[in-house]
Amino acid sequence: MADQTIAVFDRFAGEPDFGLTVAPRPEPGSDEVRFKVEAFALNQADLLLTQGRHFVKADLPIRLGYEGCGVVDVVGSNVTRVSVGDRIACVPNVDGPYWTAGEYALAHERFVVPWPEGWSAEQAAGLWMQYLTPYFPFAELFPIRPGDWVMITAASGGTGLGSIRVAKRLGARVIATTRSAHKIKTLLEHGADVVLSTEQDDFVAAVMQATGGEGVRLIDDTLCGPYVPKLAETLADKGILFIHGALAGDNTLSLPVLTLVYRRAGIYGYSMINELRRPGALERARDWVLAAIAKGELPPPTIDTTFPFKEVRAAYDRMRAGKQTGKIIVKVEQRGR
């Protein structure tokens, strides 16, 4: 069996870290596609998985990569939608041993989509997590109404910027938060109506002033931990705070329940993967995103930095440091290419 180079989180020089190793080249099942990876995107879910803070548990060595793009080189016997030689992107697969951080990757046919015309490998690789993640809460679970105030925390990452774009596409007014003053201009350029620092002493008052005392109908939170009580105080009547990350380093919640009772508000634990398991959800989300791209309503992802495959550890170091504005991408140069 032929082999390939893959990125993993494992023990290197005795310490757990990101690095490269060799593994067998995967063979597709009857409903699967194998593609030669040209690029894959990093996501906070990678860090949560390797830190043991993801709801999916994994043992060393941990495979990496939820999304990527490349060229199909083998298809299973039941595959009808794609052919060998097609340029494709990969939607994060729900179940199974599907990872994109390697020279070759498998994907179930349902999770393979066309590589958008005119987009670079970096852009195609970083497309789906950033637009699918906000699609479900914004369009299906808690549908945004034109004029709604929506807050997006830690908004300068790839999914944060994608969330701003999806919210604006649906007619929302957006408050973006950041802890870095130098990112304010970028967030405004990406469509945020208001940018605030979650560290400022008058954060709640600033939100209420920006919303004319109304508060925020929907909060897209990836911070969790000690920030939740402050965020909850900014909710409007019947507002919802949905949490799908823990960038603050704490997975736990502690807040006075009366903060929610007074506002008739709620907190919701959200996972894109859970939504993709619902019948028809993948197809609805995929078609909505592709239609918005075709109309020019959703642009290509903003790329922060591109790293060569051999520097995968440096790529994850940048994500761990929280320095990025947009997506971090790894380009894969296959042996013998």
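The values are calculated or read from the model by the stated rules, or taken from the named source; none is laboratory data. No experiment lies behind these values; they were computed from the predicted model shown. Every residue, glycine as well, gets a Cβ built from its backbone with ideal geometry; the counts of neighbours run over all protein chains shown. For the accessible areas, the whole protein counts, side chains as well, though only heavy atoms, and no ligand, DNA or RNA atoms are used. Shrake-Rupley method; radii C 1.70, N 1.55, O 1.52, S 1.80 Å.
Brief remarks follow.
- Take the conditions (1) open to solvent by 50 Å² or more (accessible area, probe 1.4 Å); (2) within 14 Å of Tyr98 (Cα to Cα); Arg81 misses just one of them, which is (2).
- Check on Leu47, open to solvent by 30 Å² or more (accessible area, probe 1.4 Å), at pLDDT below 95, not hydroxyl-bearing (Ser, Thr, Tyr) and not in a strand (DSSP E or B): no
- Restricting attention to segment 235-262 and to residues that are out of contact with any Phe, Trp or Tyr (no Cβ under 8 Å at 6 or more places or on another chain), modelled with pLDDT of 95 or more and surrounded by 18 or more Cβ atoms within 10 Å (Cβ to Cβ), the residue that is nearest to Phe138 (Cα to Cα) turns out to be Gly239.
- Residue within segment 118-129 that is more than 30 Å from Leu241 (Cα to Cα) and free of Cβ contacts under 8 Å to residues at least 40 places away in the same chain present: yes
- Qualifying residue in segment 7-19 (condition: under 27 Å from Gln130 (Cβ atoms), not acidic (Asp, Glu) and not in a strand (DSSP E or B)): no
- Among the candidates Ala265, Ala246, Ala232, Ala236, residue that is aliphatic (A, V, I, L, M) and in contact with an Asp or Glu (Cβ under 6 Å, 6 or more places away or on another chain): Ala236
- Given (1) of a type in the set (A, V, I, L, M); (2) under 18 Å from the mean Cα position of the chain (by Cα); (3) under 16 Å from Thr222 (Cα atoms), index of the condition Ile267 fails: (2)
- In the set (1) in a strand (DSSP E or B); (2) out of contact with any strand residue (DSSP E or B) (no Cβ under 7 Å at 6 or more places or on another chain); (3) acidic (Asp, Glu), the condition left unmet by Glu38 is number (2).
- Scope segment 134-155; condition open to solvent by less than 10 Å² (accessible area, probe 1.4 Å) and among the hydroxyl-bearing types (Ser, Thr, Tyr); matching residues: Thr153
- Which numbered condition Glu27 fails, given (1) open to solvent by less than 30 Å² (accessible area, probe 1.4 Å); (2) modelled with pLDDT of 95 or more; (3) not in a strand (DSSP E or B): (1)
- Contacts under 7 angstrom Cβ, first residue in segment 167-191 being basic (Lys, Arg), partner crowded, with 16+ Cβ neighbours inside 10 Å and assigned to a helix (DSSP H, G or I), 6 or more apart: Arg169/Ala292
- Every residue from segment 292-335 that is more than 28 Å from Gln51 (Cα to Cα) and either open to solvent by less than 40 Å² (accessible area, probe 1.4 Å) or in contact (Cβ under 8 Å) with a residue 40 or more places away in the chain (or both): Ala292, Ile293, Glu297, Leu298, Pro299, Pro300, Gln334, Arg335
- Looking only at residues of segment 99-126 that are among the polar types (S, T, N, Q) and open to solvent by 40 Å² or more (accessible area, probe 1.4 Å), we find that the one that is farthest from the chain's Cα centre (by Cα) is Ser120.
- Some residue of segment 196-207 being open to solvent by less than 10 Å² (accessible area, probe 1.4 Å) and of a type outside the set (Phe, Trp, Tyr): yes
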